[in-house]
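The structure appears right after this line, and notes come after that.
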Amino acid sequence: MELNWYAIYTKPRWEKKVADHLTRLSFEAYCPMNKVVKQWSDRKKMIEEPLFNSYVFVHIPTKQQTPVRQVNGVVNFVYWLGKPAVIREGEINVIKRFLETYENVKVESSTFQIHDRVRILNGPFEELEGTVVGVNNRSVRVFLPSLGFVMAADLNKNHLQVINDSVAS
């Protein structure tokens, strides 16, 4: 029985409830939580909020899609080319590592085409291949193709290395 990761679309602000309910029903669910600092008039506080609004990931065999759809708060699976979109395990792991390493991660919708492929030489994504979509001062953007989102975090310039393809070996 092959398990795949799928993205499910939830009612607005139901991400944690849906993930908890799926877990109680013995499904493996993942709701990526982002640590952000919220400013009130009298204080600042670190809170966790869902990284992807109205999205939860579930790791199930294909035949378990119907029971997942019936969970209160689930709107439907996210579809790609007429089928529920399968998310690669490696991309789920990248999201987990990214959130373990960085706080105040920003998510932006992405509509661009895949460009240069790169290999990351050090840091939490060492040896992973990805697509560079932008670098601004200290901000690095990593494209996760099957999700269609860009994750952004501020990085120290010392953690980055420019790779020049024209350098002879």
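The values are calculated or read from the model by the stated rules, or taken from the named source; none is laboratory data. Here the structure is a predicted model, which is why all the values come from computation and not from measurement. Cβ: placed from backbone, ideal geometry, glycine included. Neighbour counts: every protein chain shown.
Do we have any residue at all in region 18-29 that's modelled with pLDDT of 95 or more, of a type in the set (Ser, Thr, Tyr), out of contact with any Ser or Thr (no Cβ under 8 Å at 6 or more places or on another chain) and assigned to a loop (DSSP other than H, G, I, E, B)? Yes, there is a match, as at least one residue in region 18-29 is modelled with pLDDT of 95 or more, of a type in the set (Ser, Thr, Tyr), out of contact with any Ser or Thr (no Cβ under 8 Å at 6 or more places or on another chain) and assigned to a loop (DSSP other than H, G, I, E, B).
Could you list, in sequence order, all residues of region 75-107 that are of a type in the set (D, E, K, R) and part of a strand (DSSP E or B)? Full working, then the answer.
Going residue by residue through region 75-107, those that are of a type in the set (D, E, K, R) are 83, 88-89, 91, 96-97, 100, 103, 106.
The answer is Lys83, Lys106.
Of all residues in region 54-102, those satisfying the criterion of being of a type in the set (Asp, Glu) and either free of Cβ contacts under 8 Å to residues at least 60 places away in the same chain or surrounded by 14 or more Cβ atoms within 10 Å (Cβ to Cβ) (or both) are Glu91, Glu100.
Pull up region 32-53, narrow it to residues that are among the polar types (S, T, N, Q) and without any contact (Cβ under 8 Å) to a residue 12 or more places away in the chain, then point me to the one that is surrounded by the fewest Cβ atoms within 10 Å (Cβ to Cβ). Looking at residues that are among the polar types (S, T, N, Q) and without any contact (Cβ under 8 Å) to a residue 12 or more places away in the chain, I get Ser41.
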